[in-house]
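These notes are about the structure you will find just below.
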Amino acid sequence: MGNCYWVRDTMLRYGDMPPMAPTLLLLGFSLVLGLYFGLFGLGLMLVRRATGSTKLALAAAPILWTALELAAARITSVPWDQLGYSQVDNGLVNQLAPWTGVYGISFVLVAANALLAEFLITARQPIRSARRMAWVIAGSSLLGEAMFGYRALPPKPATTATAVLVQPNLDVAGENLWSRFGEWDSHIAEFKRLADEQCKTYIAGIPQTGAPQGEIVCPPYPTHPDLIAWPESPAPFIENDARFQRMLIALARQEQAPLVVGNIGADFSAEEQSWRDYNSALVVGADGARVGRYDKIHLVPFGEYIPFQNLLTFARKLTGRVSSFTRGDERKVFRLNGHRYGVFICYESVFADEVRHFAQLGAEVLVNISDDGWYGDTSAPWQHLNMARMRAIENRRWLLRDTNNGVTAVIDPYGRVRQSIPRHAVDALPAQFGFRDDVTFYTAHGDFFAWLCVFLSLGLTGWAARKLLRQEIAAPSADG
């Protein structure tokens, strides 16, 4: 509840719910996800009782924890703020991510804490001083490694391209229909002005952290950027709208640059004899021709669709503003100006094993368009940013993060925010980035390490439970 308190704030402000419903929703959300911590404790107890050894139970702790983090990602589909994200700024520890994903970092953190717990237990027992000294040395080494990791500086890859990331700062609570006289034209004029941004200052790091102001960026290109992006936003951009299509063609040709634009895609279903709406990213070439469209695959439950609608018939009444999008079914990579781009949308950035597929399909740079306006001024936008940063580390890719109201930033392949602009401002970031086509172990094989922990956990807890059951059955016989 402390970590995801913003769920209540978001639903209270934007969900059109009765007064107590957001609080009850947060309680239910926390109780369900809290079960994983309960299962972790249960697993430790089973191993401890079956073996009679605290040391073996503590040794099992990182395996059980990692397995349950994967379960949270796959079963309840909420891998929000897993333990390993706390080390996104630790240049030494996060070198595990290209091999194990964020799960390997969680494993190390729990293992380190298990070692410290064992030291505290051992310190209270009458043991040889040499053994106690070994624990002190091990604990000190871990502490020193953690401190050094935050000072370790990974390589600083060179930039070879520039993208203009537009931050429109639209009010997510507004109507945003642009139907009044001249409103569409004024917004589009602003969009075009921002897309034309070239030389300006930026924040050399994360906003609101005291990061210094960077030098004025003037792009290396003579007349046009390599990409212009408009984020997921409440703008009334609908693919089939003729005005929208004309605007995209004119802008692409004017700037001589390809576009990635968040919009509502629509297809007619012959089976259902109705239109299906998608939360989409439309890709347009520099010549104005339509290159393709990516439809968001991992939709937000109770935000972009209502799960089990036939069962949860009351949900529509409680969540008046919930959209009804159709789930996309294909991850795509788009070729623009000789390079391959992978585009994913908002909440998808928290699913490591899904984002890696874009790099696996050949994407040389990742583009994440998002609307974090729903989170307000809570901790959620910053949590979301850090999870996106981990995706860059795992796949060793530059990541262009274009948002409606922040944090709009360019992230290098080592997870550092190289450039950003302030939140809650109508602005644009001429972001310098590069391309990479090497494939990390994690990109190629995904959650192999986490699945290994799952199988070990099932085997270990299954063995422990079976042994305890046999002991319980044997106990009455022995008494008799």
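The values are calculated or read from the model by the stated rules, or taken from the named source; none is laboratory data. Since this is a predicted model, take the numbers as computed values, not measurements. Backbone-built Cβ (ideal geometry, glycine too); neighbour counts: all protein chains shown.
For segment 217-233, indicate whether the set of residues that are in contact with a Gly (Cβ under 6 Å, 6 or more places away or on another chain) and surrounded by fewer than 20 Cβ atoms within 10 Å (Cβ to Cβ) is non-empty.
no
Which residue, of F441, F433, F449, is aromatic (F, W, Y), touching a residue at least 12 places away in the same chain (Cβ under 8 Å), out of contact with any His (no Cβ under 8 Å at 6 or more places or on another chain) and crowded, with 21+ Cβ neighbours inside 10 Å?
Among F441, F433, F449, only F433 is aromatic (F, W, Y), touching a residue at least 12 places away in the same chain (Cβ under 8 Å), out of contact with any His (no Cβ under 8 Å at 6 or more places or on another chain) and crowded, with 21+ Cβ neighbours inside 10 Å.
So that you can scan it fast, the table gives a plain yes or no per residue for (1) surrounded by fewer than 24 Cβ atoms within 10 Å (Cβ to Cβ); (2) without any contact (Cβ under 8 Å) to a residue 24 or more places away in the chain:
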position	(1), (2)
F334	yes, no
G338	yes, yes
E354	yes, no
S379	yes, no
A388	no, no
A392	no, no
V410	no, no
R416	yes, no
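More than 23 Å from L70 (Cα to Cα), of a type outside the set (A, V, I, L, M, F, W, C) and either in contact with a Lys or Arg (Cβ under 7 Å, 6 or more places away or on another chain) or in the same structural domain as T378 (by TED's automatic domain parsing) (or both): is that true of P18 in this structure?
No: the conditions fail for P18.
How many residues are in contact (Cβ under 8 Å) with a residue 60 or more places away in the chain and of a type outside the set (D, E, K, R) if we restrict to segment 170-180?
5
Can you go through L64, L58, L35 and tell me which one is without any contact (Cβ under 8 Å) to a residue 40 or more places away in the chain, of a type in the set (A, V, I, L, M) and either farther than 22 Å from I393 by Cα or not assigned by TED's automatic domain parsing to the domain that holds K467 (or both)?
That would be L35, the only listed residue that is without any contact (Cβ under 8 Å) to a residue 40 or more places away in the chain, of a type in the set (A, V, I, L, M) and either farther than 22 Å from I393 by Cα or not assigned by TED's automatic domain parsing to the domain that holds K467 (or both).
Here's a check for you: in segment 322-351, which residue that is over 25 Å from P381 (Cβ atoms) and of a type in the set (S, T, N, Q) is modelled with the lowest pLDDT?
Step by step, filter segment 322-351, then rank; the result is S324.
Please return the ranges of helices (runs of 4 or more DSSP H) entirely within segment 91-178 where 2 or more residues are among the aromatic types (F, W, Y) and at pLDDT 90 or above.
Here the list reads 102-123.
Evaluate segment 352-374: report whether one residue or more is in the same structural domain as A252 (by TED's automatic domain parsing), farther than 24 Å from I75 by Cβ and touching a Cys at 6+ places or on another chain (Cβ under 6 Å).
Yes, segment 352-374 has at least one match.
Are there any pairs with C-beta distances below 9 angstrom linking a residue in segment 181-202 that is closer than 18 Å to Q254 by Cα and assigned by TED's automatic domain parsing to the domain that holds N169 to a residue that is of a type in the set (G, A, S) and assigned to a helix (DSSP H, G or I), with the two at least 6 apart or on different chains, and if so which?
Listed pairs, sorted by first residue: K192/A250.
From the list S86, S77, pick out the single residue that is touching a residue at least 24 places away in the same chain (Cβ under 8 Å) and polar (S, T, N, Q).
Answer to the selection: S77.
Looking only at segment 330-355, which residues are closer than 28 Å to P301 by Cβ and small (G, A, S)?
G342, S349, A352 - these are the residues of segment 330-355 that are closer than 28 Å to P301 by Cβ and small (G, A, S).
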